[in-house]
Amino acid sequence: MGPAVFFGIVAVIILVAILKTAVIVPQKAAYIVERLGKYRCTLDAGFHILIPFLDSIAYKHTLKEQAIDVPPQECITKDNIMVSVDGILYMQVMDPAKASYGIGNYLFATTQLAQTTMRSEMGKLDLDRSFEERTSINAAIVAAVDKASDPWGIKVTRYEIKNITPPRSIQDAMEKQMRAEREKRAMIAESEGERQSKINRAEGDRQEAIARSEGERMRKINEAEGKAKEILLVAEAQATGIRKVAEALAEKGGIESVNMQLAQQYLQQFGNLAKTNNTMIIPSDLANVAGVLKACTSIVKRVDVKS
C-alpha cells in the first residue's frame, strides 16, 4: 500500500502542476500574471505555460466594450430645481496592467466620476435647456471621465442620459404649459386656415366677377356686331330693292304697271276702311279714283325723271 499511496500523491501533484502551468486565455480577454507577488506579464488570448508555484494569475480583464448603468442621482439645475438623472456609460479596458494597478476598482471610479460630472453640468443649465442640451451634456461627461480615467488604462467611448425626472409639481406645471402651447398653436393654425379660406373665397369671387364681366362684354360686342350686320344687310337689301324698282320703271310699260299696282292697293285699302264702323274725315278728292291715279302717276314720273 505504501508505493501505491506514494504514486497517487505524485500523480495528484503532477495534475495540480499541470493545472497551474497550462492557461488558456479566451478571445478579447487579458490575464495579469504575477511572479511571487510582482507583476510579470500580461497574457493575451491563446495557450500559455506558467511556472508552477511561482507564477499566478492575479487579475482577469475583458477587453470588450462594457456598458455600465449609472444609477439615478439628484441634481440641482441653474434655476434651483432638483431633478433625478440617470444614464449609461460605455467604456473599454485599453491597458490591462494599468487597470489592475492604477486603481482599485475602475468600474466604481468611473461611475462616481460620471455622476459628479453630471451634477456639475446640470448645475450650469436651466431645467428647460437641460432637456435640449442632452448631446452637449453627454459630450462633456465623456471628455471629463475619459481624461480622468486615462491613467487607469480605461477608454470612455460615450455616455447617454436615459431619464431626466423633475419633481411631480414641476411635471404638472410643464404639462399645463405644453397643453397651453398646443392650444395656442391649434388656435393659430385655425385662424390661419380661416384667413386663407377668406382669401381664397375673395379671390374666387374676384375671378368670378372678372369672368362674368368679360362674358357680358363679349355678349354686348357680339350683339352690337350682330345688329350692325343686320342693319347693313337690311340697308343693302333695301338698296337692291330700290335699284330693282328703278330698273323696272325704266323698262317699257313699267310706269303703267306701277300705276296699276298703286290703284289696286288704293282700292283695297279704301275698301278695308269702308268695311269698318270707324268714322273718318278724308279729303274729297281721295274718293275720286281717277284723281288718285293721276296723282300717283305724276309722282312716279317725277321719280323716274330724277333717277
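A few remarks follow.
- Rel. contact order, % - alpha carbon contacts under 8 angstrom, at least six apart, segment 66-166: 41
- For segment 15-73, applying the loop criterion from DSSP together with a ceiling of 14 other beta carbons within 10 Å to the trypsin sites (Lys or Arg not before Pro) yields Lys28, Lys64.
- Computed over segment 66-166, the ratio Rg/Rh where both radii use C-alpha atoms and Rh is Kirkwood: 1.01
- Rg and Dmax [Cα atoms of segment 114-215; Å; Rg one decimal, Dmax integer]: 26.9, 90
- Across q = 0.11, 0.15, 0.17, 0.21 Å⁻¹, segment 1-70 modelled as identical point scatterers on its alpha-carbon atoms has Debye log10 I(q)/I(0) values of -0.40, -0.61, -0.70, -0.88, in the order of the q list.
- On the principal axes of its alpha carbon atoms, segment 164-239 extends 106, 15, 7 Å, with the longest extent given first.
- Near Ala29, the amide H atoms lying under 5 Å from its own belong to Ala45, Leu63; only residues 5 or more places off or on other chains count, and H is placed 1.01 Å from N.
Coordinate-derived values only; no laboratory data. Fair warning: this is a prediction, and the values are worked out from it, not measured in the lab. Note: ideal-geometry Cβ built from the backbone for every residue, glycine included; neighbour counts use all protein chains shown.
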